[in-house]
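Here is the structure we will look at.
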Amino acid sequence: MILSKMKKNKLLVTVAAVYILLGLIQPDKAWQALSNSSYYLLEMAQIMPVIFLLTVSIEVLVPKEWILKHFGKDSGMLGNLLSLVLGSISAGPIYAAFPIGKALLAKGASVGNVVIILSAWAVIKVPMLANEAKFLGVQFMATRWVLTVVLILLMGYLMQKLVKEEDIPVEKVDADEDLSVEQDYCIGCGVCASMASEVFVMDQGKAHVIVGDLSEYTEIIKETADRCPAKAIRYRIESEGEIC
Amino acid sequence: MDKFTIIFWVAAVLLFILSLRKGKAKVKQAMKQSRNMMKSIVGDIVGIIFLIGLVLTFIPPSSIESALGSSNTLWGSAIAAIAGSVTLIPAFVAFPLVGSLVQNGASIIPAAAFLTTLTMVGVVTFPLEKREFGTKFALGRNLLSFVAALLIAALMGVIL
């Protein structure tokens, strides 16, 4: 249990180990690094709840067809401009844009437009532009802004050509309490993924769950779980108790 | 919290209230999905944040002065672009710092390169981006952004 948690948070564990080592050798440096991090921790605490609310709202409020039409592959120049504006009016560091980009991709936004949103989110922000004009002059700011916008649009175009939708990993909901695939037992036969492709997907030789809303798939999930040769699919659907 | 973050908060809360009017069950389902995604992402973000703390301790913001002040513009710009890629300095620190250097006679080309890679290229956030969007996407976006930053810087040198 702890080991699998550690495996999932490889980065966090590694960084923690570095801190402990540094704390032993140069405690003052470790302390300094910790206090350097505090600003970013505060920033994260301020922005992540917003991102959470936004991803939920996108999921509930925005129909897939709407995203497909305005941010999809065929949304054209207008879609690119819309993405640029959307990224520019945001707040927060670039990692905050990742869940939003991912949610939009899942709803049919094109790779190119997601790249534009992420880049605009990172570089073009009103408070940042004001700050830049103050310290580097309006001319510097305006020139950099125009050039950046042009290159971001160009990058969106290139990335659209470069990256296919299949290159982007699907969000897995393995930790779900209602349906999960026991990774240690799964032998990677692929029966579940072929029987219920809407629910299961194969990734690196193991099956994973990809839907959160199971209500439409209860029958097929039961059937699939019965067929699983390793009995690795665990589910709990409406008061039926846990079945292995 | 700055003004813009507050506006962002207000907008998110309003949208969330609108969502609730579409039905609680739907919202609950969406929250479950988002929670799963957040859970997996937050551990990485916290790891990245403490990594940034380490980077800032050993490569303090003031160390970019030497790159930006370099007499060789080409070399200085390359170093500045790389420095901007690996560090994550808050904008309110970076702008005054770079501004004062430019006022003291540093070239604007490395300055523009640094400011652009600082926000657009993320070596530290790369593992997170890779996990969310795949290697091809993360690598492509960061490399293209790096090239774009150099282009922006060079063009600024020509224009200004």
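The values are calculated or read from the model by the stated rules, or taken from the named source; none is laboratory data. Remember, it's a predicted structure, so these values are computed and weren't measured experimentally. Positions of Cβ are backbone-derived with ideal geometry, glycine not excepted, and every protein chain shown enters the neighbour counts. In case anyone asks, the SASA skips ligands and DNA or RNA and just uses the protein heavy atoms, side chains included. Shrake-Rupley method; radii C 1.70, N 1.55, O 1.52, S 1.80 Å.
Among the residues of segment B:118-149, those identified as in contact (Cβ under 8 Å) with a residue 24 or more places away in the chain, within 10 Å of chain A (Cβ to nearest Cβ) and within 16 Å of the chain's Cα centre (by Cα) are B:L118, B:T119, B:M120, B:V121, B:G122, B:V124, B:T125, B:P127, B:L128, B:S145, B:A148, B:A149.
Report yes if B:G76 is away from chain A (no Cβ under 11 Å) and of a type outside the set (V, I, T), otherwise no. It is true that B:G76 is away from chain A (no Cβ under 11 Å) and of a type outside the set (V, I, T).
The residues of segment A:144-163 that are under 16 Å from B:L160 (Cα atoms) and open to solvent by 20 Å² or more (accessible area, probe 1.4 Å), listed by number, are A:W145, A:V146, A:L147.
For every residue, the table says whether it meets (1) within 7 Å of chain B (Cβ to nearest Cβ); (2) of a type in the set (G, A, S).
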| residue | (1), (2) |
| --- | --- |
| A:G72 | no, yes |
| A:K107 | no, no |
| A:V115 | yes, no |
| A:S119 | yes, yes |
| A:F135 | yes, no |
| A:V149 | no, no |
| A:I152 | no, no |
| A:G156 | no, yes |
| A:M159 | yes, no |
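The criterion of at least 2 residues that are at pLDDT 90 or above and over 21 Å from the mean Cα position of the chain (by Cα) is met by the following helices (runs of 4 or more DSSP H) wholly inside segment A:61-136: A:76-88, A:126-136. Would you confirm whether any residue within segment B:43-64 is more than 22 Å from the chain's Cα centre (by Cα) and over 20 Å from B:P127 (Cβ atoms)? Looking for residues that are more than 22 Å from the chain's Cα centre (by Cα) and over 20 Å from B:P127 (Cβ atoms), one finds none in segment B:43-64, hence no.
When restricted to residues that are open to solvent by 50 Å² or more (accessible area, probe 1.4 Å) and more than 7 Å from chain A (Cβ to nearest Cβ), segment B:4-25 contains 9.
Residue pairs whose Cβ atoms lie under 7 Å apart, separated by 6 or more positions or on different chains, with the first residue in segment A:141-154 and within 18 Å of B:V147 (Cβ to Cβ) and the second of a type in the set (G, A, S) and part of a helix (DSSP H, G or I), are A:R144/B:A112; A:L151/B:A148; A:I152/A:S119; A:I152/A:A120.
Out of A:V50, A:V15, one residue alone is facing chain B (nearest Cβ under 7 Å), open to solvent by less than 40 Å² (accessible area, probe 1.4 Å) and within 29 Å of A:Q183 (Cβ to Cβ). It is A:V15. For segment A:164-173, the count of residues that are more than 10 Å from chain B (Cβ to nearest Cβ) and open to solvent by less than 30 Å² (accessible area, probe 1.4 Å) is zero. I need the full set of residues from segment B:28-41 which are within 7 Å of chain A (Cβ to nearest Cβ) and either in contact with a Phe, Trp or Tyr (Cβ under 7 Å, 6 or more places away or on another chain) or not basic (K, R) (or both), in order please. If the condition is that a residue be within 7 Å of chain A (Cβ to nearest Cβ) and either in contact with a Phe, Trp or Tyr (Cβ under 7 Å, 6 or more places away or on another chain) or not basic (K, R) (or both), then B:Q29, B:A30, B:M31, B:Q33, B:S34, B:N36, B:M37, B:M38, B:I41 are the ones that fit.
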